[in-house]
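Read through the structure below, which is laid out as structure tokens, and then see the notes.
The values are calculated or read from the model by the stated rules, or taken from the named source; none is laboratory data. Keep in mind it's a predicted model, so treat the numbers as computed, not measured. A quick note on method: Cβ atoms are made from the backbone with ideal geometry, for glycine too, and the neighbour counts reach across all protein chains shown. For the accessible areas, the whole protein counts, side chains as well, though only heavy atoms, and no ligand, DNA or RNA atoms are used. Shrake-Rupley method; radii C 1.70, N 1.55, O 1.52, S 1.80 Å.
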Amino acid sequence: MASLIAWLDSSADEQRRMREIVALFGASEGRDELGLGQIRDAVSDALFPGTSTLHTRARYALFVPWCFELAAGARDPKRRLDELERGLIGALGRSRDADGLMGATVGRALKNLPSTVYWGALERWGILSHAASRTEALELSRPQRVVVHEEDESISRTIWTTPPAPHGFPDDVDEGFALSFAEARWLQERLLESSPGSLLAHFANQRPTAESGTAWEEPTSATAPDRARSLLTHAERFSTVMHGAQLLYNLLLAEDCEHHGVGPQELGGTPISDAYRNDFAEWSQRIRELALPPTWRLEELLTAVEAEPGRPPNVATSTRRFVADWLRVIASVTPEQIPDSANARAVVARRERIKGPKARLGNPARLATWGGAAGRDRLRYRWPVVRRILTDIHDGLDRA
């Protein structure tokens, strides 16, 4: 029998971050090998409040409250909630739109249920009428009569602000993750009201394209509010600049593997060090197009992040020093010289040494476990996930 939910009352934000860290360890493109995760997460939260790399589809933001309300009246609400969330996996799997189903492979054995994964969003987007632990929310999911003084009458309310569940839920969800117009409009309003002026709110009004790889490549980002657009500009600069350090780190690993005869020797049919040198050609072009001001510093990005609601970024001194050293290097040579720059290599190698015995460079045993790509992808600040959520909303709005 599947284990019941672990009812922890630590903050939803702390739990979300821990789950994301665990998930990223299993993704070669998402590993934080150079310790940039603190900055990446702070920027992601500022651009797209309430979102998580673990999110898949927008309608989970309604499924979870509906399950809570159904479970609240049971003799054992916690057990009933667990049964409802696990049962929903099968019902969604049989629906017309099951893409993004959590538990598609493991079924009812899913460990992190949607209520756990989406809790931060439910709080941040005002889907919960006020912050609460899952235990507290389950208790407050029972309808309660409250008096509306202006009209001198009582109405039934719960902690949730969601519209009513459709008839037949959760056994009958033939439409799967497809939002109805009313659901999409309601969720759009939650984003607009909870995150005014943010890039998330902007895209809640402006449909993103299916092709954009990053938020700054999205054409409609040009019409975002000034504050959001300024933050996005600094986020793009940081992503582009630090991608060079990520590529150089992988190039150094590739050269070490070739030298010691361990680990992967090819990437896509190309000698692995040559593959990373080829990647630098594209990066060099991006750097030139970026036209980075020579005086730009990490503090400009962090200041823009701190101007947004939420927890201020807590960036380690060693990380600030690493970014500053890297900025000095790229200001002193051309982008094409970076792969062979002694100073650039020294900056990355020095950062790697912080890992101590877990460092891969110069460690054949650790090199042998390298998969060929460690933190290779540029920082996208959750954009692929956010774009999917926003597309769900706009698809629903189109069903009017």
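Estimated at the nearest 10 Å², the accessible area of residue 303 is 90 Å² with a 1.4 Å probe. Length, then width, then depth: along the principal axes, the Cα atoms of segment 279-400 run 60, 39, 34 Å. Our summary gives the chain a relative contact order of 26 percent, counting only alpha carbon pairs under 8 angstrom and 6 or more residues apart.
Could you state the angle between the C-alpha long axis of helix 342-353 and the longest principal axis of the C-alpha atoms of the chain, as a value from 0 to 90 degrees rounded to the nearest 10? Result, in degrees: 50.
Can you sort 262, 106, 348 by 1.4 Å-probe accessible area, starting with the largest?
The ranking, largest first, comes out as 106, 262, 348.
In the chain, helical runs assigned H by DSSP with n ≥ 4 each contribute -39500 (n - 2.57); averaged across all residues and rounded to the nearest 500, the mean residue ellipticity at 222 nm is -16000 deg cm²/dmol.
Between 226, 76, 45, the Gaussian network model of the chain with springs among Cα atoms under 10 angstrom shows the greatest mean-square fluctuation at 76. In summary, the lysines within cross-link reach of residue 78, defined as a Cα separation below 18 angstrom excluding same-chain residues under 8 places away, comprise 111. Computed from Cα positions, the angle between helix 226-260 and the longest principal axis of the chain comes to roughly 50 degrees. Where a ≥ b ≥ c are the square roots of the eigenvalues of the C-alpha gyration tensor, would you call segment 37-183 rounded, which needs a/c under 1.5, or, failing that, prolate if a/b is larger than b/c, or oblate? The shape class here is oblate.
Normalised per residue, the accessible area of segment 233-377 is 47 Å², obtained with a 1.4 Å probe and no contribution from ligands, DNA or RNA. Distance from the C-alpha centroid of segment 40-106 to that of segment 168-237: 19 Å, rounded to the whole angstrom. Starting at 0 and stepping by 10 Å, how many percent of the alpha carbon pairs of segment 277-322 end up in each bin? Calculated over all Cα pairs of segment 277-322, the distribution is 20, 34, 35, 11, 0 percent.
Could you tell me the calculated FRET efficiency between residue 175 and residue 222, based on Cβ-Cβ distance and R0 = 45 angstrom, to the nearest 0.05?
On the way: r = 34 Å, r/R0 = 0.76.
Approximately 0.85, to the nearest 0.05.
The alpha carbon convex hull volume per residue for segment 190-243 rounds to 80 Å³. Note on segment 209-362: with neighbouring protein chains present and a 1.4 Å probe, carbon and sulfur make up 51 percent of its accessible heavy-atom surface. The convex hull around the C-alpha trace of segment 237-331, projected and averaged over every direction, spans 8.0 square nanometres.
The overall shape of segment 337-385, judged from the alpha-carbon gyration tensor, is oblate: a/c is not under 1.5, and a/b is no greater than b/c.
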